[in-house]
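Written below as structure tokens is the structure these notes are about.
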Amino acid sequence: MVEAIDWTGISFSEARETLKKWREEHHRRSEETVEIWEHVLSRYGSSLGDELWPVLEQVTLAAIDACRHDLVLECLQKLIKKFPASGRVTKLQAMRLEAEGKFDEAEKLYDKLIKADEANPSFRKRKVAILLAKGERLEAIKELNLYLEIFLNDQEAWQQLCELYLKEGDYARAAFAFEDVLLSNPHSSLSFRRMAEIRYASGGTDNLDLAKAYFERALLMSENDIRSLYGLILVCNSLSAKASPSKKKELSVAGIKAADKLIEVYRSSTENDHLEVHIKTITALKNQL
């Protein structure tokens, strides 16, 4: 059991070193950071020297997380006075506006920051987040595409773009976006399964053929993956409807093999309260092949 720490009673040097460690390790620890600042470090701000400014930035972010708008404003006033033309401080101001639900004002600040520093990815990402918070999904897609023209290798952005296209029902563009994610994760069964699911949802023989290949690739990497096994059974069933006799036999063999493997996986599970229901469902799918 982890021992609870009373952050309000630690010494100045302990508080200073703790916040420094969290900054270096990129840990937010928002509630604790606010406590340490208010009960310890805020009393000795001048003793921090130049370290006061990164600490104030850290506390501002923590206060935003903790919905302490009073503390956010207090820290920002000091930072703005010291760094009136700083993009980092302007970004903190925009984040404060976001937290308060003032999205239009925040967006204007991000537009200003992007214009001043087009190579900074964080400004554009925050703008995308604002557009999504406002429910403007198509604008967010447009902004993400502009972002990816500059930051082509940001796989997280490609994944987000894929998910947004899926919400719009645009499976072709979703598949295109996810191809970049797949290229960066060529040994991930989850990535191949996700692409298979996108192709399956797209429909049409060509997409179903691709879905089958992706499910099979995912199963080569993770043979007991339940979703991939189910997916392979379903795609074989769908392709069988319009397949030639020889192709139908091939699909039947692949689907039945996947169904038998899926039953085996369920039977080997030690905790399965719905085993018979699963087996009944799989058997019904198997009989359609």
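For Asn287 and Lys242, what does the FRET efficiency come to when R0 = 25 Å and r is the distance between their Cβ atoms, rounded to the nearest 0.05?
On the way: r = 19 Å, r/R0 = 0.77.
So, using R0 = 25 Å, E works out to roughly 0.85.
Assuming a ≥ b ≥ c are the square roots of the Cα gyration tensor eigenvalues, decide whether the stretch 22-99 counts as rounded (a/c under 1.5), prolate (otherwise, with a/b larger than b/c) or oblate.
Values: a/c = 1.45, a/b = 1.10, b/c = 1.31.
Rounded is the answer for the stretch 22-99, as its axis ratio a/c remains below 1.5.
Taking loop as defined by DSSP and a crowding limit of 15 other beta carbons within 10 Å, which GluC sites (Glu not before Pro) in the stretch 71-135 fit?
Values: sites: Glu74, Glu98, Glu100, Glu105, Glu107, Glu118; in loops: Glu100, Glu118.
Answer in residue order: Glu100, Glu118.
Report the trypsin sites (Lys or Arg not before Pro) located in the stretch 102-186 that are in a DSSP loop and have at most 15 other Cβ atoms inside 10 Å of their Cβ, or state none.
Passing sites in the stretch 102-186 are Lys102, Lys134.
Go through the stretch 124-207 and name the GluC sites (Glu not before Pro) that are in a DSSP coil and have 13 or fewer other Cβ atoms within 10 Å of their Cβ.
Working: sites: Glu136, Glu139, Glu143, Glu149, Glu156, Glu163, Glu168, Glu179, Glu197; in loops: Glu136, Glu168.
For GluC sites (Glu not before Pro) across the stretch 124-207 that sit outside H, G, I, E and B with at most 13 neighbouring Cβ atoms in 10 Å, the list reads Glu168.
Using the heavy atoms of the protein chains and a 1.4 angstrom probe, tell me the accessible area per residue for the chain in square angstrom.
Details: 16500 Å² over 289 residues.
Per-residue value: 57 Å².
Quick check on my link table: of Lys167/Lys286; Lys167/Lys249; Lys167/Lys257; Lys167/Lys242; Lys21/Lys112; Lys20/Lys78, which ones sit more than 26 Å apart, alpha carbon to alpha carbon?
Violating the 26 Å limit, Cα to Cα: Lys167/Lys286; Lys167/Lys249; Lys167/Lys257; Lys167/Lys242; Lys21/Lys112.
How much of the accessible area of the stretch 134-289, probe 1.4 Å, is carbon plus sulfur, in whole percent? Intermediate results must be reported in sequence, preceding the final value.
Values: 4570 of 8850 Å².
Roughly 52 percent of what the probe reaches on the stretch 134-289 is carbon or sulfur.
What nm value, rounded to one decimal, do you get for the distance between Phe83 and Glu264 when each label is placed 7 Å out toward the C-beta?
A separation of 5.9 nm, rounded to one decimal place.
Is the C-alpha gyration tensor of the stretch 155-256 telling us rounded, prolate or oblate? Criteria: a/c under 1.5 is rounded; beyond that, a/b larger than b/c is prolate, otherwise oblate. Before the final figure, lay out the partial values.
Working: a/c = 2.61, a/b = 1.54, b/c = 1.69.
Verdict is oblate for the stretch 155-256.
Can you give the percent of C-alpha pairs in the chain whose distance is more than 37 Å?
Beyond 37 Å sits 41 percent of the P(r) for the chain.
What are the ³J(HN,Hα) couplings of the stretch 45-55, residue after residue, when phi is run through the Karplus curve with 6.51, -1.76, 1.60 and θ = phi - 60°? Round to Hz, x for glycine and proline.
Each residue of the stretch 45-55 in turn: x, 5, 6, 7, x, 5, 6, 4, 6, x, 5 Hz.
With each run of n ≥ 4 DSSP H residues scored as -39500 (n - 2.57), what mean residue ellipticity at 222 nm is computed for the chain after dividing by its residue count and rounding to the nearest 500 deg cm²/dmol?
Details: 15 runs with 215 residues, N = 289.
Rounded to the nearest 500, it is -24000 deg cm²/dmol.
Using Cα-Cα distances under 8 Å and only pairs 6 or more residues apart, what relative contact order does the stretch 101-238 have, in percent?
On the way: 137 pairs, mean separation 18.6, N = 138.
Over the stretch 101-238, the number comes to 14 percent.
Report, in whole Å, the centroid distance computed from the Cα atoms of the stretch 144-194 and the stretch 67-84.
Using only Cα atoms, the two centres lie 37 Å from each other.
The values are calculated or read from the model by the stated rules, or taken from the named source; none is laboratory data. Small disclaimer: the values here were computed from a predicted structure and weren't measured. All Cβ positions, even for glycine, are placed from backbone atoms using ideal geometry, and neighbour counts span all protein chains on display. To get the accessible areas, we keep the full protein, side chains included, count just its heavy atoms, and leave off ligands, DNA and RNA. Shrake-Rupley method; radii C 1.70, N 1.55, O 1.52, S 1.80 Å.
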